[in-house]
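The values are calculated or read from the model by the stated rules, or taken from the named source; none is laboratory data. Note that the coordinates shown come from a computational prediction; the quantities given were computed from them, not determined experimentally. Because the Cβ atoms are built from the backbone with ideal geometry, glycine has one as well, and the counts that use them run over all protein chains shown.
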Amino acid sequence: MNKRDEHAKQSSGRSSTERLTPRHWIYFTLITLVLLSDGMDVTIVSHVFPTLIKSWGVSVGGGIAFVVAVGFLSMGLGAVVAGGLSDRWGRKSVLIGSVVVFGGATALGGTAGDFTAFAAWRILACLGMGAAMASGNTLLADLIPERRRAALLATAYAGVGLGTTVGAALAGTLLPTSGWRVLLVVGGLIPLAIIAVLAAVVPESPAFVSAKRRTGGAAFPASQGQERRAHGSSVLRPGFEAPVSSTILAPPLTPTTVLLWLFGFFSLGTQLLIAQYLPTLLQLPVPGLDTLQSSTIVGVYGFASVLGGVILGAILARASRFLIIGIVLGLAAVMSVVVYLLPDPEFGSLIVVLGITGFILPTAFGPTRSVLAAMAYPAHVRGAGIGVAEFGGRLGAAAGGVAGGTLIAAGTGLSGLFLILLLPIGVLLGSLAGLRRQARRTRLPEPTGVSPTGPAPAEGATARATAAE
């Protein structure tokens, strides 16, 4: 273990009430830039599609829809695989490999001679993106003191929204002058440059390093048993070894895993349903906006989502994650009804209402699943737990794309679609209530030091009692 990893282990071993240091902010910034690359990559490719349709005669409902749908599924698969591997091989190692895959595949997509080759590189890039999201969130969760963990995870997710803006700016600059191939090469090289700096600066997870040292080079022991308390709650205790996947699906974590998968499915699925179809909805006969007007509203909506993520992070540093996420979901329901009831929608009223909606809805649907997953699992299965939540989210994204297209084809307009959002919001509130009950019933061990099967070093007894809410 090098000196940087040793320093990280020692500093993280202090009480999780410690103040954030400059090192923490450096780690946070670099991992946020990785998440920014995710949003940037998706946006860049969405701007490439129209060129491919014109140049290669690719159909929207055929080739493009296939790449988008399979891409989401690949992201989900990448998240699950990376989540489990990060618990065995290390969070940093898996994150580096994931970014190399998605950055390299995006750049190589610029060399494709036909749509088949482009699709193959794109699916590989999506596999790496899903893996990078899961392993990046897990590494950040392990490096940050627990009392600040939920706040910084929520703030880091705002990087995805900011990446959308960066990707749009790159596309607007490079597409007209240099073409789509150069755009993809540049879009792929940026995350490779970021991960090179991260590899040199950011340490491995302190919990993983501690477990590896105590087990003579092995990773986290694969599972823990449980001890049932008289009042019905469970405490995870060291036990037999089993695959990580079976650990997060075994009692007492079974309900938590199922609820997180459900929350991930409906949160990201609903978020991307809006993101994918909002321009189309705005250009329907009602409200009948033109391209410039709809793109302006979409830009305001995206910028508001970044602000919402940052403010959510600041609030989560001071209050219960369950309470705050519940309030934001409630506000999302209110804004959905406001959009539905908006009389005679026109550009002026829509840009105000949807600007406020963009501040609330993406905040409720975007970072919340990662925050909940990172706080729900002990360190030795945290990667797998976050991976499951991301997998559910990517499946939800694919389902949301199909549902949105079907609803619009059936005649559902802007107001009708926002009214329908009350259904997934209701499911999310129910899942959140279930997760809160599970957090109270299932307690992680409260060690005095770092054990190979215990939580990350930053997770002391006092902090965990506070973080349970």
### Query
Which residues, taken from the range 110-128, are aliphatic (A, V, I, L, M) and assigned to a helix (DSSP H, G or I)?
Ala117, Ala119, Ala120, Ile123, Leu124, Ala125, Leu127
### Task
State the number of residues belonging to the range 396-412 that are crowded, with 16+ Cβ neighbours inside 10 Å and closer than 23 Å to Gly288 by Cα.
7
### Query
Can you tell me which of Ala107, Ala150, Ala82 is closer than 26 Å to Lys54 by Cβ and assigned to a helix (DSSP H, G or I)?
Ala107
### Task
For the range 8-18, state whether one or more residues are at pLDDT below 85, part of a helix (DSSP H, G or I), among the aliphatic types (A, V, I, L, M) and not assigned by TED's automatic domain parsing to the domain that holds Gln276.
yes
### Task
Test each condition in (1) over 24 Å from Thr257 (Cβ atoms); (2) more than 21 Å from the chain's Cα centre (by Cα); (3) at pLDDT 75 or above for Leu421 and report the one that comes out false.
(2)
